Amino acid sequence: MLRYLYANDLSRFPLLRDTMFRDRTEQFSKRLGWDVTVNAAGEERDQYDDLNPLYVIWEMADGRHGGSMRFMPTVGRTMVNEHFSHLTGGVTIESPLIWECTRFCLSPKADKRASAALALGAGELMDAYKLKHYVGVFDPRMQRIYRLMGLEPDVIGMEGEGRDAIGVGLWSMDASAFEPTLKRVGVTREMSCGWLCYSLAGKPVPSQGGTIAETA
């Protein structure tokens, strides 16, 4: 199932939390070779995990992490604006209708539905919160996965070559993408919306006021 969890709620799901951060180590540090920080527990974390971001997490049947993404409104601090503005021509991306999406991660043990489920979760957030775009930093080697998800980014800027390449892109998801994505995950739209409402009912909507119960 999909869980939508703010960082301050992760402690309610310790196995899911711990396997997510360890899987991030496996993907970003070991496989992609990014210069990231790994703590003594073998978890990849950065300063933005301390800002109470919203995580969309595909939870496998055993309660472990299958895949995840991290979301933050661009009206607050973001990785793109603080570290990658040279890829956007120095333009600050800031709008209540644009959220940053980073740390797209799939577990080595993820089931075949994981990537589609994350695309579905991103679409549900976009629909519920009336967002227009996500912006994020990406490794071009991930573009094949994005393409399979039907969420290939519009590239704003890129630098480097091969393993050293890094880019910034914009993503969107329109209503027509829901039906094929739901089929790949094997759930109905009612069930998908139920996951969102179950996780975030009564939670404040970042940067916009209101709660998910009022906007979903």
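The values are calculated or read from the model by the stated rules, or taken from the named source; none is laboratory data. The model shown is predicted, which means the values in this text are computed figures rather than measured ones. Note that each Cβ is placed from the backbone with ideal geometry, even for glycine, and that neighbours are counted across all protein chains shown. Surface accessibility is based on the protein's heavy atoms, side chains included, excluding ligands, DNA and RNA. Shrake-Rupley method; radii C 1.70, N 1.55, O 1.52, S 1.80 Å.
One residue alone among R3, R17 is part of a helix (DSSP H, G or I), open to solvent by 20 Å² or more (accessible area, probe 1.4 Å) and modelled with pLDDT of 95 or more, and that residue is R17. If only residues of the range 20-34 that are open to solvent by 20 Å² or more (accessible area, probe 1.4 Å) and of a type outside the set (F, W, Y) are counted, the one that is nearest to A114 (Cα to Cα) is D23.
Residues in the range 62-77 that are buried (at least 16 other Cβ atoms within 10 Å of the Cβ) and without any contact (Cβ under 8 Å) to a residue 40 or more places away in the chain: R70 alone. Can you find a residue in the range 83-92 that is open to solvent by less than 60 Å² (accessible area, probe 1.4 Å), among the aliphatic types (A, V, I, L, M) and in contact with a Ser or Thr (Cβ under 8 Å, 6 or more places away or on another chain)? No, the range 83-92 contains no residue that is open to solvent by less than 60 Å² (accessible area, probe 1.4 Å), among the aliphatic types (A, V, I, L, M) and in contact with a Ser or Thr (Cβ under 8 Å, 6 or more places away or on another chain). Within the range 52-98, the only residue that satisfies the criterion of being under 20 Å from L5 (Cβ atoms), of a type in the set (V, I, T) and part of a loop (DSSP other than H, G, I, E, B) is T78.
A single member of K132, K109 is surrounded by fewer than 17 Cβ atoms within 10 Å (Cβ to Cβ), within 25 Å of D18 (Cβ to Cβ) and not β-branched (V, I, T), and it is K109.
Every condition in (1) outside any helix (DSSP H, G or I); (2) over 16 Å from A114 (Cβ atoms); (3) open to solvent by less than 30 Å² (accessible area, probe 1.4 Å) is met by A41 except one, and the failing one is (3).
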